1. Could you work out, for chain B, what percent of all Cα-Cα pairs fall into each 10 Å distance bin, beginning at 0 Å and stopping at the bin that holds the largest distance?
2. What FRET efficiency do you get for B:Asp298 and A:Lys372 if R0 is 30 Å and r is their Cβ-Cβ distance, rounded to the nearest 0.05?
3. Please compute the average number of Cβ atoms from other chains found within 10 Å of each residue's Cβ in peptide B:375-383.
4. Please report the projected area of segment A:218-371's Cα convex hull averaged over all directions, in nm².
5. Given Cα positions, please report Rg to Rh for the protein assembly as shown, the hydrodynamic radius being the Kirkwood one.
6. Run lengths n ≥ 4 of DSSP H only: what is the helix-derived mean residue ellipticity at 222 nm for chain B, with -39500 (n - 2.57) per run over all residues, to the nearest 500?
7. Modelling each spin label as a point 7 Å along the Cα-to-Cβ direction, I'd like the B:His60/B:Lys333 distance in nm, to one decimal.
8. Out of all DSSP beta bridges with both ends in chain B, state the antiparallel percent to the nearest 5.
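Nothing in this text is a laboratory measurement; each read-out follows from the coordinates by a stated rule. All of these numbers come straight from a predicted model, not from anything done at the bench. Here the Cβ positions follow ideal geometry from the backbone for every residue, glycine too, while neighbour counts run over all protein chains shown.
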Amino acid sequence: MVPTKVLMFGWEFPPYSVGGLGKVTYYLSNALTKLGTKISLIVPIKGESDKLKILPTNLITIKSINTMLSPYLTEKSYQYLLSEEEAKIYGGNLKEEISRFTERGVELAKEEDFDVIHCHDWMTFTAGIKTKEFSGKPLILHVHTTEFDRSCGGCNPYVYNIEAEGFSKADKIIAVSNYTKNKIIENYDVDENKIEVVHNAIEFNGGANNNKIHQRKKVVLYFGRISMHKGPDYFIRAAKKVTEYDKNIVFVMAGGGELLPEMVNLACDLGIGDKLLFTGRLKDEEVKNIYNSADLYVMPSVSEPFGITVLEAASNRIPAIVSNNSGVKEVLNNCFTADFWDTDEIANKVLSILKYSSIKEEMVDNAYKELKNISWDNRAVKINNIYNSVSNL
Amino acid sequence: MVSVCLYMHVHQPIRLKNFKIFDIGKEKNYFDDAKNKMYLERIIKKSYLPTNKILLDLIHKTDGKFKVSFSITGTLLEQLREYPKALESFQKIVDTGCCNLVSESYYHSLASVFSSEEFKMQIKHQEKTLYDIFKVRTKIFRNTELVYQNEIGKLVSEMGYKGILAEGWDKVLGWRNPCFVYKGKNSNIKVLLKQYKLSDDLAFRFSERTWKSWPLTADKFAGWISNYNGNGNLVNLFIDYETFGEHQWKETGIFEFLKHFPFKIFEKGDDFVTPTEAINRYNSVSEIDFPNVVSWADSERDLSAWLGNKMQKTASSKLYSLKRDILQYGDEKLIDDWRKLQTSDHFYYMCTKWFSDGDVHKYFNPYKTPYDAFITYMNILSDLTLRLEYIKKIKNNYMNKQFLEPVEAGKEFYTKNGITIASMEELANVIKTFDDETFFHHVNEERNDFANWARDVIGDFVLANRMKRVRKQATLSKIVSARVAELSFL
């Protein structure tokens with residue numbers, strides 16, 4: 001088999017990352033190169049791009065586009081982030097910025113030699129479609145979230161149309177879970193045979209993390225962007241119920257996001273300002289510490305296409321309560337599931353898990369065994385097969 | 001001639017309701033009546049009624065030559081009280097005399113592993129239940145999940161049992177085969193060993209299309225049994241009753257199989273026996289030694305599906321640690337609840353052995369994960385512990401409702417301002433109305449008349465202790481009211 005050459009419209013690499021997408025681009029590219037796949041990566045970068053120099057291998061070449069885009073932007077948050085200075089350089093609104101990115105992306109793509117185009121999420125779809133048009137190469141769209149997940153119902157038609165056009169023009173769609181696959185089928189009227197599920201994974205070396213900080217209070221962790229579709233308000237309402245019952249439990253809400261101020265207010269309104277700590281956005285080193293101090297991880301997402309953080313928690317020997325509306329439970333059996341809106345049940349589980357210690361011992365041991373089969377290497381094999389299948393079309 | 005001993009285990013647990021941590025100390029019922037009803041009605045319709053009809057027909061059609069035996073757990077019989085038709089269908093079969101009832105622990109528990117005293121009580125409970133419902137006393141025993149070892153044989157033999165059922169496990173048998181009657185070590189009990197290969201052909205493989213012997217016809221199966229002629233007296237088919245109609249659905253042809261199977265056995269010159277007939281007819285060929293616990297479950301034939309993981313160990317040891325106090329202080333309801341928590345199914349739901357492979361033992365399992373099963377169980381156990389502590393306090397005279405009753409005539413409290421107080425409740429009401437003069441007359445540096453009255457007349461030492469050093473009117477009033485509330489709560 002001839003090694004495939006892939007043109008990938010990806011997202012920022014660690015340490016410059018704000019969420020799952022950067023990690024996926026990084027680990028997936030890395031695993032793909034182990035199979036001999038060559039990757040030309042085009043990523044958006046804000047400001048200086050020297051952070052990209054930590055390349056895992058020379059099979060990857062990177063070109064960056066200086067842009068304000070980050071994968072979870074909405075028109076509102078774009079305006080919020082854009083300073084006056086920046087408005088002179090970047091597009092005045094999200095729409096303009098995306099056409100600027102697309103134009104530049106296609107220009108860069110013309111300089112590359114490739115067999116397959118691989119795009120991650122909607123902001124890159126138009127660039128992918130245009131690249132397909134001029135090159136005639138097959139297009140793969142990798143769906144990590146859809147507008148329906150992000151918007152909790154209040155779907156932006158501009159974004160929806162880009163996604164729908166992409167899905168109809170793509171040769172193959174990769175969904176990160178069956179949960180997401182079904183959403184695509186339901187909401188975008190896509191033929192199910194066009195969609196392949198490749199679950200996300202984790203870089204897991206099996207090394208147990210035993211340097212837990214011993215503390216008197218038990219810590220329940222929320223870790224992710226503080227956006228509506230992640231269900232932070234449900235976390236806080238569950239926290240209220242838990243702390244009423246047991247005052248030795250502390251909740252930590254780690255991560256940044258546009259709902260942060262609102263959530264701080266909610267916590268204060270509920271009178272648990274002292275029981276619920278906010279960390280803001282965390283650096284990698286701080287992420288490690290936060291996992292070290294947590295006794296339980298809760299992901300109450302309203303809609304979570306996958307949920308890599310649950311795997312990270314498991315690899316740090318932290319048991320998890322996961323929303324029923326999530327993809328990660330398809331690969332990790334040894335976790336709790338609950339409906340995100342059922343804060344009584346979430347509170348019940350939080351209290352029970354912290355009260356009966358043998359749950360945790362049993363669960364983390366069994367989850368650990370499962371993690372061994374959830375590696376990027378076997379995901380890369382699957383994706384490489386998809387590359388081959390579309391290039392032979 | 002080979003004799004077929006067909007024994008069927010009939011059981012349904014009483015499942016627990018989703019008991020949240022917030023329910024501890026508040027919710028009184030532990031059992032999910034609606035869910036239990038739903039499962040039971042389904043099983044009655046799909047399995048009990050059609051199967052019993054066929055069995056009864058077979059007994060009539062063969063002039064009583066067809067024999068069968070049942071063990072029916074107490075937890076099921078208790079639930080069947082609401083379903084007289086289903087219960088009656090079992091009674092009719094037992095009444096023919098062609099059916100042996102086999103005894104076991106009423107609660108389908110693993111008590112044999114934890115406490116022989118408790119185990120015996122549950123057996124006696126089952127014996128009484130069987131007699132009440134079926135007017136039958138039995139000399140044959142089977143333990144939950146066919147758990148057996150020498151000590152268990154000895155124990156039930158001392159209770160008067162003559163035969164016991166056990167797994168015909170290769171590691172115990174060695175070169176011998178299970179198609180003979182054996183004698184238990186250290187006792188005179190006769191051991192009937194399950195022919196697990198043939199039993200499992202029926203119970204598990206019957207509808208398995210990838211199995212090389214599929215489809216299994218009555219003739220073929222009778223032929224396999226007949227092959228034991230010359231190499232055994234007895235083929236012990238020990239299966240779950242629900243094989244008929246539930247594990248193997250009607251559509252698999254299991255009922256047709258059952259209708260024809262006995263006649264095929266007779267055609268080949270073989271017959272049927274009950275366990276009692278088997279031990280009377282055949283002498284034991286040798287002693288069989290079960291030094292360790294053997295069950296009929298999994299490839300390990302051990303207890304790991306029930307007591308293997310940390311949650312199961314925690315839950316069971318906590319449960320049995322309550323034994324002494326529950327039996328000493330518990331009322332009938334508390335003891336019954338505690339025993340219902342011993343039903344092995346509760347522990348089985350917590351099993352993680354196959355869970356990681358996504359291969360949950362889904363059969364009638366009310367939980368999404370073993371962890372959910374554990375949480376529910378532990379919350380209930382916490383509530384039970386609270387109830388126990390409460391009863392203990394009452395019995396140790398800490399709580400006594402009689403403290404609330406009016407005192408004997410002549411022993412009332414007469415206050416300085418001319419009020420008569422006859423009960424604790426009145427005291428609570430009146431105490432806050434006193435003016436300073438009256439109050440400090442009774443409560444001062446030297447004495448606390450109210451505390452003394454509570455101690456000497458009402459007899460409530462707890463209240464007296466709480467009151468005796470208090471000098472503030474409002475506080476004292478609160479203490480008395482709180483005590484009234486506390487006692488009224490009982």
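1. Per 10 Å bin, starting at zero, the Cα-Cα P(r) for chain B comes out as 4, 17, 24, 20, 11, 8, 7, 6, 3, 1, 0 percent.
2. The computed FRET efficiency comes out at 0.80.
3. 3
4. Across all orientations, segment A:218-371 yields a mean hull projection of 7.8 nm².
5. 1.08
6. Rounded to the nearest 500, it is -13000 deg cm²/dmol.
7. 4.5
8. Just about 20 percent of them are antiparallel.
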